[in-house]
Structure formats: structure tokens, C-alpha cells
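Please read the structure below before turning to the comments.
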Amino acid sequence: PDPTSFKPRDLQELLFIARNFYDLGEKDMHHFARFFTISVADYLDQYFKSDVLKASLAGSGIIGTGLGPMSPGTAYVLLHHYMGDMDGSVGAWGFARGGMGSIASALAGALQEHGGQIRTGAGVEQIIVERGTAVGVALESGEEIRSKIVVSNLDAKRTFLGIMDPKDAGENVVAAAKNFKIRGSSGKVNIALNGAPQFDALPAGSELVNGFIHVTDSVERMEHAYDDWKAGTWSKDPYLDILVPTYADPTMAPPGKHFMSVFVQYCPAKLTSPEHEGDDWTDESVAAFGETVLNQIGKYSSNFRDLIAHAEVRTPREIEAEIGLTEGNIFQGELTLDQLMFNRPFPGYAQYRGPVKGMYMCGSSTHPGGGVMAAPGANAAREILLDLNRPNTVPEDEGDD
């Protein structure tokens, strides 16, 4: 809801939230308010003593953010990664058979089954606005496609600063989009292996390799990795979130082979430290970043290096160029308190509607943010149906809130 609105719908939703907040009781009200402002390190210190356990849990509080584990607000990022459910199991994650690309294929198939068409290689140059209403899009090829509704899945910066005329967006929206925090902080390395990696800390045949493997042993070590990012370079002792999905889904690799997915924190969108002499990312520095990651894994797996068939290295530069995420930010905007709920992407535009009639946003720059959950799209669809005076046919899920 919009807290500045006096519309009956917004007032009703605000009253619902207020009642639930009141029902928490005085003690939990305090915990709730404090939770959104403290660091994931401080939060975990309240419940755990083990440095290794706290470090492992803290990883979900920094992934995809330009913040360290000791930065205020990261406790919420931890919650963001665990608030969903998989088949009723709260906090559980699931595998998509065939890899994450199969989810995109499933979405595309559902759209096509309902008569939708997908155009690839058709970049949008600008949203066409006539008399204050979005009426279609102009493609980079010069072709124009007319439509009653335009929905952008791009992040807030690419939408309002990239494909909208500043005169159509308005100076307030342009200013808000420029100030929207969407800093790149993560890298990715995809590795094809000629066999199963053996992690030295685990006995041979251990089932623990089926799950996530976190390379870290203390929150302080993770904070030092963040220091490198703040200095304008990649972490020389990075936090790694490793998964070998071929243990659960052998279809992702040929028989006897494996695939390793490595999420790396931290990796900046631009190299600004003195050691790089203003060169920013080059093919050489990308390769050096990749070597840092491979060497880090090799410290914990003695046979890892011998198994490497190919490594694909992705810094924020590659992620932005290939996927279109500004600075390679996986959440299309940081999940900080000033960019959550009715502030996402910014005040006045948190209900999925753009600055002109007939224009909407449905990506992770909108509430409730990033993740493979489709909540922003589901919420946007409900608002579009409401404006069209059509029945709400979108399945309801409390996670959309």
C-alpha cells in the first residue's frame, strides 16, 4: 500500500498491516523494528556461538548486495533468502531439472500456450508515449509495435533512464532512478569437470556434497573480502557459494562428468583501485579474477584442478552485457530498507505503475525484490487486471506480499 494515499484500498491495506503489527505484542514489535536495521553479523550473534556456523548462515545476508556482513540492514537480506517455501517446506530451495534455463523455457512455453508471442534479438529503443499514455514500443531496428499496455521487466535504471524519454518519465522519476542503488558486487564461475570433485574435509562418498558448499570460516573473513570490493577490486580471499547440481540432476552433464556452479562475493562492476591504474575490466583482469576463484576452490579440493575441462568466468561486466542487469546486480536493485516495500523502486511508484498511463513494471526492481519467485510479476499482473476491470485470475500466494 501507499502510506501517503487516502484511497480506500490503500487505507484498508494499511489498517491490515497495523493490526498485524499490533498483534505482535510489545516484545516482538521491538524485535521486528530492530531486525530491519541491524547487520546479519549482529543478528546471528544473538543466537549462535560457532564462528563457522555464523559465517555459513551470513552468506545469504550478503549475496547480491554492496554490503558486508557487518553492514546495517543485511539481517533482512538473510530473511529474504529464506522467507519462501518449496512445496510447503519453508526456507527450502529446489532444483530445476536441466538447470535454471528450464525455468525460462517453462515460462516461455506457458506464454505461448496462451497465445503469446516472444521476439528475441529485438531490443527496445524507446517506449512510445502519446498524450501521456504508453501506446507501444519502438525497437532498435526502427520497427514500432503498438499496444494498449507496455510492461517493463528491465530494472528501474534501464527502464526510466534507458528506454523512456526523460520528458515522459518526468524530472522527479529521472532523479529517483539516478539515485536508485543498483551496485554490482557479485561474480559467477561455471565449471565443467571431468569427474567428481573430492573436498578434503569430507569423507569419500559423503552426501554433504549434494548441498551448498560455503567457502568461509568466519564473519570477519567475509568482512575483509568486502573491504577489497570497497577498494575497487575483487576479493582476493572471496566468499564462495558452491553447488554441484549434477549430483541431483545427472542430465546436466555427460555420463561421468559434472558441472560446478560458483557464486562469488565480492566482485565490483568497475575496477577503480590504484593497482588497476584505471583500466577497468579487461580480458586479462577477468582471467585473473577467475584464477582467484579457482585457486580458492583448490585449497579445499585436492583433485579439483586436475578435473577442470572448462571454466566460464562472469564478472558484472559480462552479466550486464549478456543479461541486461545494470552493473550485474542480480536483484535489480539492492535490498536495503530505503528500497523495500513502498519504497521499491522509489516512493510513489511501488504499485507497479509507471509515470504514464498504460505503463507498468514487473521486474525485481519492484516489491518484493529479487529471487526466483515470480512475485513481482504476479503482483503486477493483478494491478493490470484491476486497471482493465477484468477478474483477478492470478493465483494467490502470501509470498507475493
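The values are calculated or read from the model by the stated rules, or taken from the named source; none is laboratory data. These figures come from a predicted structure and were not determined experimentally. Reconstructed Cβ throughout: ideal geometry from the backbone, glycine too, with neighbour counts over all protein chains shown.
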- Considering only the stretch 140-169, state which residues are part of a strand (DSSP E or B) and of a type in the set (Val, Ile, Thr). 145, 150, 151
- Query: Across the stretch 1-41, what is the number of residues that are without any contact (Cβ under 8 Å) to a residue 24 or more places away in the chain and either among the β-branched types (Val, Ile, Thr) or out of contact with any Ser or Thr (no Cβ under 9 Å at 6 or more places or on another chain) (or both)?
  - Reply: 27
- Kindly indicate whether residue 206 is in the same structural domain as residue 305 (by TED's automatic domain parsing) and touching a residue at least 24 places away in the same chain (Cβ under 8 Å). no
- Out of 132, 136, sole residue that is exposed (fewer than 15 other Cβ atoms within 10 Å of the Cβ) and either closer than 12 Å to residue 354 by Cβ or touching a Ser or Thr at 6+ places or on another chain (Cβ under 9 Å) (or both): 132
- Message: Looking at the structure I just gave you, is residue 172 surrounded by fewer than 16 Cβ atoms within 10 Å (Cβ to Cβ) and either part of a strand (DSSP E or B) or acidic (Asp, Glu) (or both)?
- Response: no
- Query: Among the listed residues 312, 383, 322, 318, which satisfies the condition of being without any contact (Cβ under 8 Å) to a residue 24 or more places away in the chain and acidic (Asp, Glu)?
  - Reply: 322
- Item | Single residue of 261, 218, 185 found to be in contact with a Cys (Cβ under 9 Å, 6 or more places away or on another chain), in contact (Cβ under 8 Å) with a residue 60 or more places away in the chain and either under 30 Å from residue 66 (Cβ atoms) or not polar (S, T, N, Q) (or both) | 185
- Considering only residues of the stretch 216-261 that are in contact with a His (Cβ under 9 Å, 6 or more places away or on another chain) and among the aromatic types (Phe, Trp, Tyr), which is modelled with the lowest pLDDT? 247
- Message: Looking at residue 145 and the list (1) surrounded by fewer than 10 Cβ atoms within 10 Å (Cβ to Cβ); (2) farther than 28 Å from residue 180 by Cα, which single condition is not satisfied?
- Response: (1)
- Query: Residue check: is residue 273 within 16 Å of residue 192 (Cβ to Cβ) and among the polar types (S, T, N, Q)?
  - Reply: no
- Could you run through the stretch 307-339 and say how many residues are on the phi > 0 side of the Ramachandran plot and crowded, with 22+ Cβ neighbours inside 10 Å? 3
- Please name all residue pairs, on different chains or six or more residues apart, with Cβ atoms under 9 Å, provided the first residue is in the stretch 42-55 and is assigned to a helix (DSSP H, G or I) and the second residue is among the acidic types (Asp, Glu). 51/217; 51/220; 52/217; 54/45; 55/217; 55/220
- Task: Kindly indicate whether residue 65 is more than 17 Å from residue 240 (Cα to Cα), under 26 Å from the mean Cα position of the chain (by Cα) and outside any helix (DSSP H, G or I).
- Result: no
- Hits in the stretch 340-362 - residues which are surrounded by 22 or more Cβ atoms within 10 Å (Cβ to Cβ) and touching a residue at least 60 places away in the same chain (Cβ under 8 Å): 345, 349, 354, 359, 361
- Item | Among (1) under 26 Å from residue 270 (Cα atoms); (2) touching a residue at least 40 places away in the same chain (Cβ under 8 Å); (3) in contact with a Leu (Cβ under 8 Å, 6 or more places away or on another chain) - the single one residue 158 does not satisfy | (3)
- Message: Given the criterion in contact with a Lys or Arg (Cβ under 9 Å, 6 or more places away or on another chain), of a type in the set (Gly, Ala, Ser) and either part of a loop (DSSP other than H, G, I, E, B) or on the phi < 0 side of the Ramachandran plot (or both), identify the matching residue among 205, 195.
- Response: 195
- Query: Going by the conditions given, is residue 155 in contact with a helix residue (DSSP H, G or I) (Cβ under 9 Å, 6 or more places away or on another chain), assigned by TED's automatic domain parsing to the domain that holds residue 359, crowded, with 18+ Cβ neighbours inside 10 Å and acidic (Asp, Glu)?
  - Reply: yes
- Task: Evaluate the stretch 240-253: report whether one residue or more is closer than 20 Å to residue 213 by Cα, acidic (Asp, Glu) and either in contact with a Ser or Thr (Cβ under 9 Å, 6 or more places away or on another chain) or in a helix (DSSP H, G or I) (or both).
- Result: yes
- Message: Just to be sure I understand, how many residues within the stretch 161-182 are among the β-branched types (Val, Ile, Thr) and touching a residue at least 60 places away in the same chain (Cβ under 8 Å)?
- Response: 2
- Task: Kindly provide the set of residues from the stretch 290-306 that are assigned to a loop (DSSP other than H, G, I, E, B) and either in contact with a Pro (Cβ under 8 Å, 6 or more places away or on another chain) or at positive phi (or both), ordered by number.
- Result: 301, 303
